[in-house]
1. Can you put ILE7, ILE195, ILE22 in order of accessible area, largest first, using a 1.4 Å probe?
2. Quantify, in whole percent, the carbon and sulfur part of the accessible surface of the chain (1.4 Å probe; protein heavy atoms only).
3. Sort LYS13, LYS56 by accessible area with a 1.4 Å probe, largest first.
4. Cα convex hull of region 1-112: how many Å³ per residue?
5. For SER6, what accessible surface area do you get with a 1.4 Å probe? Give it in Å², rounded to 10.
6. Which value, in debye to the nearest 20, describes the size of the charge dipole of region 2-196 about its Cα centre when Lys and Arg Cβ atoms bear +1, Asp and Glu Cβ atoms bear -1, and nothing else is charged?
7. Please report the spacing between the Cα centers of region 1-71 and region 105-151 in Å, no decimals.
8. If you project the alpha carbons of region 2-196 onto the principal axes, what extent comes out on each, in Å, largest first?
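The values are calculated or read from the model by the stated rules, or taken from the named source; none is laboratory data. Quantities reported herein were computed from a predicted structural model and do not represent experimental measurements. Here Cβ is always computed from backbone atoms with ideal geometry, including for glycine, and neighbour counts include all displayed protein chains. All accessible areas refer to the heavy atoms of the entire protein, side chains included, with ligands and DNA or RNA removed. Shrake-Rupley method; radii C 1.70, N 1.55, O 1.52, S 1.80 Å.
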Amino acid sequence: MVENYSIVKDIKKYASDNKIPIMLDDGINFLTNFIIKNQVKNILEIGTAIGYSAIKMCLCSPNVKVTSIERNETRYLEALKNIKRLNLEDRITLIYNDAENVKLDDKFDLIFIDAAKAQNIKFFESFEKNLNTNGFIITDNLKFHGLVDKDEEEIKSRNVRGLVRKIKEYIKFLENNKKYNTEFYDLGDGISVSIKK
Ligand code: MG
């Protein structure tokens, strides 16, 4: 366990050195507590990055299995390496592909969306058929580093403005989605939990 702790610390350091966005501490704590409280077992993650959240989700409960999709080769390879270091190969299945091209038959208790922010609606709609009855869809980065709460004129980059607009659209989509009850949590970088009615 002590060894696990130092490997996870290494992964966090790699993420910060290489500017790879991983979940903030209070966000990941919320997610792992949620998994424990709701006895979540099978998880689909869209956006592995370097495997940090998949690993943390597995380490929080011995019953958890994660399938995770990543389209960036460098990140995928780094995630593979990290998962091997922690001997979690039996519990984390990585798929190296753009989630847009992935079709799965399996069912999951939780779908965690943490990928290309402009694609949230698309990912939600394409994977909700993989959700078990009473399943959850959790989405990260709804504050997008605080930019979602800013006035649009304050955001210099046109690209970033476009992303922020997409995230706002996604929030509306969740609020108006009658098939789910969605709660928004102002922690980490903004997290939503949608519960299938
Ligand atoms: Mg994220």
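1. Accessible-area ranking of ILE7, ILE195, ILE22, largest first: ILE195, ILE22, ILE7.
2. 47 percent
3. LYS13, LYS56
4. Roughly 96 Å³ of hull volume per residue.
5. 60 Å²
6. Value, rounded to 20: 200 debye.
7. Cα centres, region 1-71 to region 105-151: 16 Å.
8. 47, 40, 31
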